[in-house]
1. Would you confirm whether or not the range 191-202 contains a residue that is touching a helix residue (DSSP H, G or I) at 6+ places or on another chain (Cβ under 8 Å), outside any loop (DSSP other than H, G, I, E, B) and closer than 13 Å to T101 by Cα?
2. Kindly indicate whether D122 is surrounded by fewer than 19 Cβ atoms within 10 Å (Cβ to Cβ) and assigned to a loop (DSSP other than H, G, I, E, B).
3. Can you tell me how many residues within the range 217-228 are at pLDDT 90 or above and either over 24 Å from the mean Cα position of the chain (by Cα) or not polar (S, T, N, Q) (or both)?
4. Here is a list: F258, F279, F268, F264. Which entry is surrounded by 19 or more Cβ atoms within 10 Å (Cβ to Cβ) and outside any helix (DSSP H, G or I)?
5. If you go through the range 69-95 one residue at a time, how many are of a type outside the set (D, E, K, R), part of a loop (DSSP other than H, G, I, E, B) and either free of Cβ contacts under 8 Å to residues at least 40 places away in the same chain or crowded, with 17+ Cβ neighbours inside 10 Å (or both)?
6. So in the range 132-165, with the set limited to residues that are basic (K, R) and buried (at least 16 other Cβ atoms within 10 Å of the Cβ), which one is nearest to Y107 (Cα to Cα)?
7. Looking at K60, K56, K23, K16 in this structure, which one is in contact with a helix residue (DSSP H, G or I) (Cβ under 6 Å, 6 or more places away or on another chain) and more than 23 Å from F279 (Cβ to Cβ)?
8. Just one of (1) under 19 Å from G158 (Cα atoms); (2) part of a helix (DSSP H, G or I) trips up Q130, so point out which.
Amino acid sequence: MHLNNYFERLNFNNGKKINVSKKTDINFSHIMHWHPFIEILVSLHDNNEVTINYTKHVLKTNDLVIIYPGDLHSFEHIDENAFIIVQFPIDLLMIMSEFNTNISMFYQYHCIKYDPSNIDADRMIFLIKQLPALYDSDTLFNEVRIYSLLLEFFVMLGRYCVNAKKEGFSGDASTDYKSTKLMAEACLYISQNCTSPLTLDDVAHHAGVSKYHFSRMFNKFTNMSFIDFLTTERIKRTESLILNPNARITDIAFDSGFSSVSSFNRCFKKIKGISPSEFRETMIDNAFQSHA
(Lines give C-alpha, C1' and ligand atoms only; values in the text may rest on other atoms or scores of the structure.)
Protein backbone atom coordinates (compact mmCIF):
# COMPACT_ATOMS: atom_id res chain seq x y z
CA MET A 1 0.00 0.00 0.00
CA HIS A 2 1.35 3.41 -0.97
CA LEU A 3 0.56 6.04 1.67
CA ASN A 4 2.00 9.09 -0.05
CA ASN A 5 4.49 9.99 -2.75
CA TYR A 6 7.35 8.45 -0.83
CA PHE A 7 6.45 5.74 1.67
CA GLU A 8 5.31 2.18 0.95
CA ARG A 9 3.77 0.14 3.74
CA LEU A 10 3.83 -3.65 3.54
CA ASN A 11 1.65 -6.17 5.32
CA PHE A 12 3.18 -9.59 5.89
CA ASN A 13 0.62 -12.36 5.49
CA ASN A 14 -0.51 -14.57 8.38
CA GLY A 15 2.15 -13.28 10.75
CA LYS A 16 4.99 -14.31 8.46
CA LYS A 17 8.27 -12.42 8.35
CA ILE A 18 8.97 -12.96 4.65
CA ASN A 19 6.94 -12.23 1.52
CA VAL A 20 7.67 -13.87 -1.84
CA SER A 21 5.76 -13.00 -5.00
CA LYS A 22 5.94 -13.02 -8.79
CA LYS A 23 3.44 -10.18 -9.18
CA THR A 24 4.49 -6.55 -9.21
CA ASP A 25 2.11 -3.80 -8.09
CA ILE A 26 2.46 -1.47 -11.08
CA ASN A 27 -0.04 1.12 -9.82
CA PHE A 28 2.67 3.26 -8.24
CA SER A 29 5.86 1.61 -9.47
CA HIS A 30 6.84 4.69 -11.49
CA ILE A 31 6.64 6.90 -8.39
CA MET A 32 9.83 7.42 -6.40
CA HIS A 33 9.24 5.79 -3.00
CA TRP A 34 10.96 3.96 -0.15
CA HIS A 35 10.12 1.35 2.47
CA PRO A 36 11.54 0.08 5.78
CA PHE A 37 12.26 -3.48 4.59
CA ILE A 38 14.72 -5.21 2.26
CA GLU A 39 13.49 -6.08 -1.23
CA ILE A 40 15.32 -8.53 -3.50
CA LEU A 41 14.30 -8.63 -7.16
CA VAL A 42 15.25 -10.98 -9.97
CA SER A 43 14.44 -9.54 -13.38
CA LEU A 44 12.41 -11.96 -15.47
CA HIS A 45 12.66 -9.91 -18.68
CA ASP A 46 15.10 -7.70 -20.56
CA ASN A 47 14.72 -3.91 -20.45
CA ASN A 48 13.10 -3.60 -17.03
CA GLU A 49 14.31 -0.33 -15.54
CA VAL A 50 14.87 0.50 -11.89
CA THR A 51 16.13 3.77 -10.46
CA ILE A 52 17.70 3.57 -6.99
CA ASN A 53 18.82 6.73 -5.21
CA TYR A 54 18.65 8.54 -8.57
CA THR A 55 20.86 6.02 -10.41
CA LYS A 56 19.11 4.21 -13.27
CA HIS A 57 19.77 0.54 -14.03
CA VAL A 58 18.54 -1.08 -17.26
CA LEU A 59 18.12 -4.75 -16.48
CA LYS A 60 18.45 -7.95 -18.42
CA THR A 61 16.95 -11.32 -17.59
CA ASN A 62 18.35 -12.73 -14.32
CA ASP A 63 19.91 -9.47 -13.20
CA LEU A 64 19.63 -9.02 -9.43
CA VAL A 65 18.46 -5.91 -7.58
CA ILE A 66 18.74 -5.41 -3.82
CA ILE A 67 16.86 -2.46 -2.35
CA TYR A 68 17.67 -1.61 1.27
CA PRO A 69 15.52 0.20 3.84
CA GLY A 70 15.35 3.90 3.04
CA ASP A 71 16.52 3.58 -0.58
CA LEU A 72 14.49 5.86 -2.84
CA HIS A 73 13.49 3.85 -5.92
CA SER A 74 11.07 3.59 -8.82
CA PHE A 75 10.45 1.31 -11.82
CA GLU A 76 9.79 1.93 -15.50
CA HIS A 77 8.75 -0.23 -18.48
CA ILE A 78 7.60 -3.13 -16.32
CA ASP A 79 4.52 -5.32 -16.18
CA GLU A 80 3.08 -7.27 -13.26
CA ASN A 81 5.24 -10.28 -14.15
CA ALA A 82 8.51 -8.37 -14.32
CA PHE A 83 10.24 -9.78 -11.22
CA ILE A 84 10.52 -12.40 -8.57
CA ILE A 85 10.11 -10.30 -5.42
CA VAL A 86 11.32 -11.14 -1.92
CA GLN A 87 10.64 -8.78 0.99
CA PHE A 88 11.55 -9.02 4.68
CA PRO A 89 12.63 -6.88 7.66
CA ILE A 90 16.34 -6.12 7.85
CA ASP A 91 16.24 -7.27 11.49
CA LEU A 92 16.44 -10.86 10.21
CA LEU A 93 19.99 -10.06 9.09
CA MET A 94 21.10 -7.51 11.67
CA ILE A 95 21.21 -10.17 14.40
CA MET A 96 24.34 -11.46 12.62
CA SER A 97 27.46 -9.56 13.69
CA GLU A 98 29.20 -10.15 10.35
CA PHE A 99 26.34 -8.50 8.53
CA ASN A 100 26.49 -5.54 10.92
CA THR A 101 30.21 -5.19 10.33
CA ASN A 102 29.86 -5.19 6.55
CA ILE A 103 26.48 -3.48 6.11
CA SER A 104 27.99 -0.40 4.44
CA MET A 105 29.63 -2.61 1.84
CA PHE A 106 26.37 -4.42 1.07
CA TYR A 107 24.61 -1.09 0.59
CA GLN A 108 26.90 -0.24 -2.33
CA TYR A 109 25.75 -3.14 -4.50
CA HIS A 110 22.19 -2.51 -5.59
CA CYS A 111 22.41 -4.14 -9.00
CA ILE A 112 24.32 -7.30 -9.87
CA LYS A 113 24.49 -8.20 -13.53
CA TYR A 114 23.95 -11.85 -14.26
CA ASP A 115 27.15 -13.65 -15.17
CA PRO A 116 26.84 -17.44 -15.51
CA SER A 117 30.62 -17.73 -15.28
CA ASN A 118 30.56 -16.17 -11.81
CA ILE A 119 29.75 -18.99 -9.38
CA ASP A 120 28.44 -16.69 -6.65
CA ALA A 121 26.21 -14.65 -8.99
CA ASP A 122 24.83 -17.81 -10.58
CA ARG A 123 24.16 -19.39 -7.18
CA MET A 124 22.35 -16.28 -5.92
CA ILE A 125 19.91 -16.43 -8.83
CA PHE A 126 19.36 -20.15 -8.27
CA LEU A 127 18.55 -19.57 -4.58
CA ILE A 128 16.00 -16.82 -5.20
CA LYS A 129 14.28 -18.79 -7.95
CA GLN A 130 13.58 -21.59 -5.49
CA LEU A 131 11.60 -19.34 -3.16
CA PRO A 132 8.22 -18.82 -4.94
CA ALA A 133 7.39 -22.53 -5.10
CA LEU A 134 8.55 -23.04 -1.53
CA TYR A 135 6.52 -20.02 -0.34
CA ASP A 136 3.34 -21.38 -1.93
CA SER A 137 3.83 -24.92 -0.67
CA ASP A 138 2.47 -26.54 2.48
CA THR A 139 5.87 -27.93 3.38
CA LEU A 140 6.50 -28.10 7.10
CA PHE A 141 8.67 -25.18 8.28
CA ASN A 142 8.70 -23.71 4.79
CA GLU A 143 9.34 -20.16 6.07
CA VAL A 144 12.32 -21.44 8.06
CA ARG A 145 13.63 -23.07 4.89
CA ILE A 146 13.14 -19.79 3.00
CA TYR A 147 15.05 -17.98 5.74
CA SER A 148 17.91 -20.45 5.51
CA LEU A 149 18.11 -19.93 1.74
CA LEU A 150 18.13 -16.16 2.24
CA LEU A 151 21.01 -16.48 4.69
CA GLU A 152 22.88 -18.54 2.11
CA PHE A 153 22.03 -15.86 -0.47
CA PHE A 154 23.67 -13.19 1.68
CA VAL A 155 26.73 -15.36 2.22
CA MET A 156 27.10 -15.47 -1.57
CA LEU A 157 26.36 -11.75 -1.87
CA GLY A 158 28.91 -10.93 0.82
CA ARG A 159 31.58 -12.94 -0.95
CA TYR A 160 30.67 -11.27 -4.24
CA CYS A 161 30.98 -7.79 -2.63
CA VAL A 162 34.30 -8.59 -0.97
CA ASN A 163 35.76 -9.91 -4.21
CA ALA A 164 34.52 -6.84 -6.07
CA LYS A 165 36.11 -4.60 -3.44
CA LYS A 166 39.42 -6.45 -3.65
CA GLU A 167 39.56 -5.62 -7.35
CA GLY A 168 39.48 -1.95 -6.36
CA PHE A 169 42.69 -2.27 -4.37
CA SER A 170 46.05 -2.93 -5.94
CA GLY A 171 48.62 -5.32 -4.51
CA ASP A 172 48.84 -8.94 -3.51
CA ALA A 173 45.97 -10.97 -2.08
CA SER A 174 47.14 -10.48 1.52
CA THR A 175 47.23 -6.69 1.13
CA ASP A 176 43.80 -6.68 -0.56
CA TYR A 177 42.30 -8.67 2.30
CA LYS A 178 43.83 -6.42 4.97
CA SER A 179 42.60 -3.26 3.19
CA THR A 180 39.08 -4.61 2.84
CA LYS A 181 38.98 -5.74 6.48
CA LEU A 182 40.38 -2.40 7.69
CA MET A 183 37.73 -0.40 5.85
CA ALA A 184 34.90 -2.69 7.01
CA GLU A 185 36.05 -2.22 10.61
CA ALA A 186 36.28 1.55 10.10
CA CYS A 187 32.70 1.64 8.79
CA LEU A 188 31.51 -0.28 11.84
CA TYR A 189 33.41 2.11 14.15
CA ILE A 190 31.75 5.11 12.48
CA SER A 191 28.33 3.48 12.72
CA GLN A 192 28.78 2.71 16.43
CA ASN A 193 30.08 6.21 17.25
CA CYS A 194 28.20 8.38 14.77
CA THR A 195 26.38 10.37 17.46
CA SER A 196 29.72 11.65 18.76
CA PRO A 197 31.55 14.59 17.13
CA LEU A 198 33.69 12.28 14.97
CA THR A 199 36.29 13.70 12.61
CA LEU A 200 38.27 12.17 9.78
CA ASP A 201 41.36 12.43 11.99
CA ASP A 202 39.63 10.46 14.76
CA VAL A 203 38.69 7.53 12.53
CA ALA A 204 42.03 7.48 10.69
CA HIS A 205 43.81 7.39 14.06
CA HIS A 206 41.54 4.53 15.17
CA ALA A 207 42.39 2.66 11.95
CA GLY A 208 46.11 3.32 12.47
CA VAL A 209 46.78 5.08 9.16
CA SER A 210 47.27 8.67 8.04
CA LYS A 211 44.10 10.62 7.30
CA TYR A 212 45.15 11.13 3.66
CA HIS A 213 45.69 7.41 3.12
CA PHE A 214 42.50 6.60 5.02
CA SER A 215 40.44 9.12 3.04
CA ARG A 216 41.62 7.68 -0.26
CA MET A 217 40.93 4.08 0.82
CA PHE A 218 37.59 4.99 2.38
CA ASN A 219 36.33 6.70 -0.76
CA LYS A 220 37.36 3.71 -2.83
CA PHE A 221 35.70 1.26 -0.43
CA THR A 222 32.41 3.09 0.19
CA ASN A 223 32.07 5.28 -2.90
CA MET A 224 31.30 8.05 -0.42
CA SER A 225 33.25 10.74 1.37
CA PHE A 226 33.76 10.37 5.11
CA ILE A 227 31.30 13.23 5.80
CA ASP A 228 28.58 11.76 3.54
CA PHE A 229 28.96 8.34 5.18
CA LEU A 230 28.86 9.82 8.69
CA THR A 231 25.77 11.87 7.82
CA THR A 232 23.99 8.82 6.41
CA GLU A 233 24.72 6.82 9.56
CA ARG A 234 23.37 9.64 11.72
CA ILE A 235 20.18 9.82 9.69
CA LYS A 236 19.71 6.06 10.10
CA ARG A 237 20.04 6.53 13.86
CA THR A 238 17.32 9.21 13.92
CA GLU A 239 14.71 6.98 12.27
CA SER A 240 13.95 5.03 15.45
CA LEU A 241 14.12 8.16 17.65
CA ILE A 242 11.56 9.99 15.50
CA LEU A 243 9.02 7.24 16.12
CA ASN A 244 8.64 8.52 19.70
CA PRO A 245 5.87 11.14 19.33
CA ASN A 246 6.97 12.82 22.56
CA ALA A 247 10.57 13.35 21.43
CA ARG A 248 11.34 16.84 20.18
CA ILE A 249 12.94 17.15 16.76
CA THR A 250 15.50 19.53 18.27
CA ASP A 251 16.60 16.94 20.84
CA ILE A 252 16.74 14.21 18.21
CA ALA A 253 18.98 16.36 16.01
CA PHE A 254 21.53 17.04 18.73
CA ASP A 255 21.36 13.52 20.24
CA SER A 256 22.18 12.12 16.79
CA GLY A 257 25.33 14.19 16.36
CA PHE A 258 24.05 17.11 14.27
CA SER A 259 25.32 20.56 15.17
CA SER A 260 22.05 22.34 14.34
CA VAL A 261 18.40 21.61 13.64
CA SER A 262 18.60 23.25 10.22
CA SER A 263 21.51 20.97 9.24
CA PHE A 264 19.56 17.93 10.45
CA ASN A 265 16.41 18.92 8.54
CA ARG A 266 18.38 19.58 5.37
CA CYS A 267 20.30 16.30 5.51
CA PHE A 268 17.22 14.26 6.43
CA LYS A 269 15.18 15.60 3.53
CA LYS A 270 18.06 15.10 1.10
CA ILE A 271 18.38 11.42 2.05
CA LYS A 272 14.73 10.52 2.76
CA GLY A 273 12.90 12.87 0.43
CA ILE A 274 10.66 14.16 3.22
CA SER A 275 11.16 16.24 6.35
CA PRO A 276 11.63 14.62 9.80
CA SER A 277 8.13 15.72 10.89
CA GLU A 278 6.59 14.26 7.72
CA PHE A 279 8.53 11.05 8.32
CA ARG A 280 7.18 10.84 11.88
CA GLU A 281 3.61 11.41 10.74
CA THR A 282 3.90 8.77 8.02
CA MET A 283 5.50 6.14 10.25
CA ILE A 284 3.05 6.65 13.13
CA ASP A 285 0.16 6.48 10.68
CA ASN A 286 1.65 3.27 9.26
CA ALA A 287 1.95 1.74 12.73
CA PHE A 288 -1.66 2.69 13.53
CA GLN A 289 -3.00 1.17 10.30
CA SER A 290 -0.95 -2.01 10.84
CA HIS A 291 -2.63 -2.58 14.21
CA ALA A 292 -6.11 -1.42 13.22
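1. yes
2. No; evaluated as a whole, the condition is false for this residue.
3. Adding up the residues that qualify gives 3.
4. Among F258, F279, F268, F264, only F258 is surrounded by 19 or more Cβ atoms within 10 Å (Cβ to Cβ) and outside any helix (DSSP H, G or I).
5. 6
6. Restricting to residues being basic (K, R) and buried (at least 16 other Cβ atoms within 10 Å of the Cβ), the top hit is K165.
7. Unique residue meeting the criteria: K16.
8. Every condition holds for Q130 apart from (1).
The values are calculated or read from the model by the stated rules, or taken from the named source; none is laboratory data. Since the model is a prediction, treat every value here as computed from it, not as a measurement. Positions of Cβ are backbone-derived with ideal geometry, glycine not excepted, and every protein chain shown enters the neighbour counts.
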